Every structure is written in C-alpha cells, then in structure tokens.
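*Asks:* Okay, here's the structure, questions in a sec.
The values are calculated or read from the model by the stated rules, or taken from the named source; none is laboratory data. These numbers were taken from a predicted model, which means no experiment stands behind them. Note: ideal-geometry Cβ built from the backbone for every residue, glycine included; neighbour counts use all protein chains shown.
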Amino acid sequence: MIEIHNLGKTYPGRRSVPVRALADVSFECRPGEIFGLLGPNGAGKTTALRIISTALRPTSGTGRVMGFDIVADATAVRRNIGFLSSNTGLYGRLTAREVLTYFGRLFGLSDERIRARIGELSAVFSMSEFLDRPCDKLSTGMRQKVNIARTVLHAPPVMVFDEPTAGLDVLTSRSIVQFVRECRREQRTVLFSTHIMSEVEKLCDRVGVLHEGRLHFCGPIDELRSRYGADLDEAFVRIVGEAA
Ligand SMILES: Nc1ncnc2c1ncn2[C@@H]1O[C@H](COP(=O)(O)OP(=O)(O)O)[C@@H](O)[C@H]1O
Ligand SMILES: [Mg+2]
C-alpha cells in the first residue's frame with residue numbers, strides 16, 4: 001500500500017546551511033495495517049509524511065502508494081490518500097457541514113454521497129450537535145474531528161495522519177483511536193505519527209522509530225519490546241539514546 005525506499009530530504013535552511021531532515025528512510029505499510037511513526041520533535045516525521053502525501057518532493061529516494069509513484073504519479077496518489085497535516089486550517093466563517101460539503105465537491109463526490117458520508121462520519125465522531133456551527137466557534141477537539149472527517153470524506157484506502165491526537169482531550173483522542181481501529185477492520189491502511197506511546201500500544205501493528213532523520217527501528221511492537229524492554233516509553237528512550 002505504501003512503500004518508500006531510501007527517502008532523503010535536505011532543506012535549503014537559513015544562511016545556506018542545509019538541513020538534512022531525512023536520510024535513507026525505507027519502510028512499507030501493508031493493506032489493513034496500522035503503522036506508527038514515532039520520534040521526538042524534529043525527528044523528521046512531518047517531512048516523511050508530507051513526502052508520502054506528495055505535499056513535498058524528496059531530495060532522494062523513491063516511494064509508491066498503491067503502486068503509484070509519489071513524484072511521477074502524484075495526482076493518482078492524492079486520489080487514493082487522505083492526508084491530515086499538522087497545520088490543516090478550516091474556514092472560520094463556514095459551518096462544519098459547509099466545509100465538509102465543500103471538500104466533498106472538491107473530491108468529486110455527488111451531493112447525495114456527501115450527505116451520506118457526513119452522516120456516517122458525524123456518527124463516528126459524535127459531531128451532530130456542532131455540524132451547523134461556524135468553525136471559528138468550535139473547540140480544538142471539535143475542529144480536529146472536522147479536519148479528520150474532511151480528510152477521509154472520499155473514503156480513501158490509505159490514510160496518513162500527522163499527530164492526529166496532539167493536544168486533544170481523552171474523549172476526543174479516544175474517538176480518533178476508535179476510528180483508526182475501524183479503518184483496519186475495513187482493510188484500510190493507516191500511517192500516523194505520534195509520540196504518545198499508549199496510542200502506539202493500542203493501535204499499531206508495526207512501528208518505525210525515527211530520530212534525527214534516520215529510522216532506528218522498524219518492526220512489530222513485540223519485536224520492539226523483546227529488543228528494548230517491555231515498557232515502550234523506556235524502549236523509545238533507549239533507541240533514541242543508543243543513536244545519540
Ligand atoms: N521548511 C523547512 N525548512 C528548513 N528546515 C526544516 C523545514 N521543515 C522542517 N525542517 C527541519 O527538518 C527537521 C525535521 O523536521 P520535521 O519533519 O518537522 O520533524 P517532526 O515532525 O518529527 O518534528 C527539523 O530539524 C526541522 O527543523
Ligand atoms: Mg511534525
């Protein structure tokens with residue numbers, strides 16, 4: 001579903017000192033798999049997810065999403081992917097329903113299909129009481145639910161979420177976690193970044209640990225535990241420490 005090979009990204013950086021955000025990163029996510037990309041701030045998570053979602057071009061390496069090349073077939077990749085970026089904005093004066101309808105039309109969905117999807121997603125994320133409120137009157141958690149609904153409106157087979165639960169309360173996080181589980185039941189692929197270990201534990205089939213642009217571990221959670229210890233927080237610290 002997603003495969004990347006030796007992905008690298010160097011940003012120009014200030015005063016022409018290049019910043020190497022990603023070096024030689026390879027991994028794959030299979031159908032129906034939930035893959036967690038872990039790493040401290042600045043590890044390169046956002047850079048990797050933006051490249052996979054075609055928002056950014058890699059400096060080196062290649063990648064495919066459902067067989068489509070992330071550079072040469074970017075349009076086809078975009079049709080098959082729902083990408084939640086960490087700074088997705090909503091139009092403040094439009095209501096949640098209007099925003100979702102607007103994006104549904106951009107995705108080329110019929111009005112009937114849009115209504116049906118808004119109904120489904122509003123049930124999944126308990127959005128019915130605020131669907132007709134303007135987005136600038138919504139709480140952070142409500143806004144994130146609308147953002148996620150918007151990125152998955154076209155029911156894409158592959159979903160890429162950049163820190164979907166960052167800064168959210170327990171209830172909102174829980175509904176997002178449940179949604180990701182539901183995606184797996186439907187054989188969709190979810191790649192998401194986080195630094196919340198309990199989420200990784202609850203959700204992920206496999207994880208990748210990124211630190212300073214390099215992948216230091218990639219494999220099933222059980223393997224991570226047996227190599228670095230049962231406590232995932234400690235395992236994480238150990239991997240990152242070993243790398244330092
Ligand atoms: N547009 C940019 N220009 C220059 N450097 C960047 C840019 N975006 C990210 N970086 C740098 O690349 C590295 C990885 O950043 P990022 O992918 O955002 O990490 P993460 O999402 O894991 O926190 C950091 O050192 C960051 O400062
Ligand atoms: Mg980030």
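*Asks:* Taking the condition of being in a helix (DSSP H, G or I) and among the small types (Gly, Ala, Ser), how many residues in segment 146-202 meet it?
*Replies:* Final tally of qualifying residues: 4.
*Asks:* Considering only segment 177-224, state which residues are surrounded by fewer than 22 Cβ atoms within 10 Å (Cβ to Cβ), within 16 Å of the chain's Cα centre (by Cα) and of a type in the set (S, T, N, Q).
*Replies:* Matches in segment 177-224: Gln178 only.
*Asks:* If I ask for residues that are crowded, with 22+ Cβ neighbours inside 10 Å and in contact with a helix residue (DSSP H, G or I) (Cβ under 8 Å, 6 or more places away or on another chain), which ones from segment 153-164 would you list?
*Replies:* First, pick out the residues of segment 153-164 that are crowded, with 22+ Cβ neighbours inside 10 Å: 153, 158-162, 164.
Of everything in segment 153-164, those that are crowded, with 22+ Cβ neighbours inside 10 Å and in contact with a helix residue (DSSP H, G or I) (Cβ under 8 Å, 6 or more places away or on another chain) turn out to be Leu153, Met159, Val160, Phe161, Asp162, Pro164.
*Asks:* Run down Ser85, Ser16 and say which single residue is modelled with pLDDT under 95 and within 16 Å of ligand 2 (Cβ to nearest atom). Steps first, please.
*Replies:* Working: Ser16 fails: within 16 Å of ligand 2 (Cβ to nearest atom).
None of the other options fit; the residue is Ser85.
*Asks:* Okay, moving on. Taking only segment 85-103 into account, find how many residues are β-branched (Val, Ile, Thr) and under 21 Å from Asp162 (Cβ atoms).
*Replies:* Total satisfying the criteria: 2.
*Asks:* A further question follows. Which condition breaks for Ala116 when tested against (1) within 20 Å of Met159 (Cβ to Cβ); (2) away from ligand 2 (no atom under 16 Å from the Cβ); (3) in contact with a helix residue (DSSP H, G or I) (Cβ under 9 Å, 6 or more places away or on another chain)?
*Replies:* Among (1) within 20 Å of Met159 (Cβ to Cβ); (2) away from ligand 2 (no atom under 16 Å from the Cβ); (3) in contact with a helix residue (DSSP H, G or I) (Cβ under 9 Å, 6 or more places away or on another chain), Ala116 violates only (3).
*Asks:* In addition: Restricting to segment 51-92, what's the tally of residues that are of a type in the set (Lys, Arg), without any contact (Cβ under 8 Å) to a residue 40 or more places away in the chain and under 18 Å from Lys9 (Cα atoms)?
*Replies:* 1
*Asks:* Of all the strands (runs of 3 or more DSSP E) wholly in segment 1-117, which have at least 1 residues that are more than 12 Å from ligand 1 (Cβ to nearest atom) and over 19 Å from the mean Cα position of the chain (by Cα)?
*Replies:* 2-11, 19-29, 60-65
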